[in-house]
Amino acid sequence: MKETTLFKNTVVISLGTLLSRISGLLREILISSFFGATWVTDAFLIAYTIPNLLRRLFAEGALSTSVVPVFSRYFVASSSSEEDPQDFISSVFSGFTFVVALVCVLGMVFSSSIVHLVAFGFRGEPAKILFTTRSTQIMFPFLLLISWSALLMGFLNTLHIFSWSAVAPFFFNLGTIVSILAFRRVFGPYVLALGVVLGGLWQFLFQVPPLRQKGFTLRIRWCFFRDPGFQEVLKLMLPVTFALAVSQVNTLVDRIVASLCREGAVSALYFSDRLMEFPLGVFGVALSVAVLPALSQNVWMEKMEEWQRTLWQGIRWVLFFMLPAVVFLMVFPLALVNLVYRRGVFDHLAAEMTAAALFFYAPGLLFFALNHLLTRAFYSLRDTRTPVKIGLLSVLLNVVLDLWLVRFLDFRGVALATSFSAFFQFTLLVYFLRQKTGVEVFLHFPRGWLWKVGVQLGVFVLGCVYVARTTMRSSLWEFALGAFFLWVLYLVLPFLLRMDERKVLLAMFGDVRRVFRQLGG
């Protein structure tokens, strides 16, 4: 894949993701403003963790990444064989509807037992337990809706339709926003759970039209279990699901350990994580989503040199954007938290706790983004087992570090443990990818590129120090203006240093109108 094509696809996804992340921040602002870092927010986040964990297992992680390699084969071979992509879509949709619906019913029935197991830090507080249990029951149908949405995302991405799926999470956030603003006085704190379900429904429905425009529909096929495509997706999905289960244990353990810390710790970690995931989602995850179909099709067509080139391009762009993002989050954690969350009942103490957690999360941002990309490289090779083993080891390390660091750093230790485990996972992914393919991931950059990036990053660091010193006692909006010019400077430097990235950036700027037309359908 040409670098400009890869980056344009990434830009389409990034712009859609940016819209969803901004709406997500607005959602978090409303939650923090109306409910603060209180026991209500803590309890809701624990309740949301349960169906959200299953969502990442059945839906947005395992389903979409397992569907793309198989559907790519059906799509490429459809013109020269009798394999019908519509039959594949119907079988996968029917099979996972049956499985996930069953999980939802069981989850609603056994919600009380699940909550007592997960939120044992709430023991002795019946109001918290009751609210958490009822919220969990309300939110379980969200799992089915978001699984349908993930299936559609996998189908559309394989067809190289990225914009609809990138924008779809905006409607999930919109569901919570509308619910809080319109129904908060009617349903009280339970409006948070209702908003999750409403948002899941809107996110699914938004992605149906583009699939229909391509001539595909969602049909029930009762003999889905006999379909070889469905069986292959299951075969790929089981290791991925286990890998994601292992990964989600990180989140679960973090929440459990945080629930044993002081009040507001769970909320502080959550709000700081959301800030960190803003740049991760806008570019890191967006790039990995754009890369997977290209890598999968390169493998299917036996173009391994092109596969390597695409992977190297992805790594370069991750470093280009994530390195300054790490610096920015570590230099301005409190200013960012105050700018985004400081209003309503979200007071100075809550802001300081959230900023402290963000500072320790920030170093892991680069490795989270690289891990997303390298894991997709394994998936494109239809190797879903190696990431499972690596993920298991990283989770074990995270659990040990959680329990050890929290003794010295309180809830901040949870964030630092997560960053350490991400770095550990990255080193293992690089090692085993080299063993499997012979690819030296970080030895194929253009001559002088690292030096120029070093200069670019050094100027950015000096700019951050200058903005930090000059806006220390200024208003938040003056800080926001200074931050904006910092990022403008960072994007101008490739032209001054004559870096290769300037060609792609020029192509991106010249194509912005086309991107917005595509996002508008």
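Using a basic spin-label model with each label point 7 Å from the Cα along Cα→Cβ, how many nm lie between residue 462 and residue 440? That separation, rounded to one decimal, is 3.2 nm. Calculated mean residue ellipticity, 222 nm, the chain: -27500 deg cm²/dmol, from DSSP H runs (n ≥ 4) at -39500 (n - 2.57) each, averaged per residue and rounded to 500.
The length gained on full extension between residue 260 and residue 123, counted as 0.36 nm times the residue separation minus their Cα-Cα distance, comes to 48.3 nm.
Show which aspartates and glutamates lie in cross-link reach of residue 452 when reach means a straight Cα distance below 16 angstrom and same-chain residues fewer than eight apart are skipped. Excluding near neighbours in sequence, the set is 500, 501. Shown here for segment 82-162: trypsin sites (Lys or Arg not before Pro) in loop regions (DSSP other than H, G, I, E, B) with at most 16 other Cβ atoms within 10 Å, namely 123. Can you tell me how segment 349-461 classifies by the Cα gyration tensor, rounded, prolate or oblate, using a/c under 1.5 as the rounded cut? Verdict is oblate for segment 349-461. The stretch between residue 98 and residue 489 holds 135.6 nm of extra length on full extension. This uses 0.36 nm per residue minus the Cα-Cα distance. With the simple spin-label model, which puts each label point 7 Å out from Cα in the Cβ direction, the residue 334 to residue 477 separation comes to 2.3 nm. A Förster radius of 41 Å, combined with the Cβ-Cβ distance separating residue 302 from residue 106, puts the computed FRET efficiency at roughly 0.40. Stokes-Einstein diffusion of segment 465-508 at 10 °C, 1.306 mPa s viscosity, Kirkwood radius from Cα pairs, rounded to a whole number: 135 µm²/s.
Compute the signed sum of charges (Lys and Arg +1, Asp and Glu -1) over the other residues within less than 14 Å, Cβ to Cβ, of residue 406. Here the count lands on +1. Extent along the principal axes, Cα only, for segment 128-283: 51, 37, 34 Å, with the longest axis given first. Which shape class, rounded, prolate or oblate, goes with segment 94-209 when its Cα gyration tensor gives a ≥ b ≥ c as root eigenvalues, a/c under 1.5 marks rounded, and past that a/b bigger than b/c marks prolate? Here segment 94-209 falls in the oblate category. Pairs exceeding a 31 Å alpha-carbon distance, out of 214/503; 303/389; 436/503; 214/436; 235/436: 214/503; 436/503; 214/436. Restricting the chymotrypsin sites (Phe, Trp or Tyr not before Pro) of segment 168-235 to loop positions (DSSP other than H, G, I, E, B) with no more than 10 neighbouring Cβ atoms within 10 Å leaves 222.
When semi-axes √(5λ) of the Cα gyration tensor in Å is computed from the coordinates, the matching label among (1) 45, 29, 19; (2) 70, 26, 23; (3) 33, 31, 22 is (3). Expressed in units of 2.2 N^0.38 Å, where N is the residue count, the Cα radius of gyration of segment 154-232 is 1.44.
Where a number appears in this text, it was derived from the coordinates with a stated rule and is not lab data. All values derive from a computational prediction rather than experimental measurement. Neighbour counts run over all protein chains shown; Cβ positions are idealised from the backbone, glycine included.
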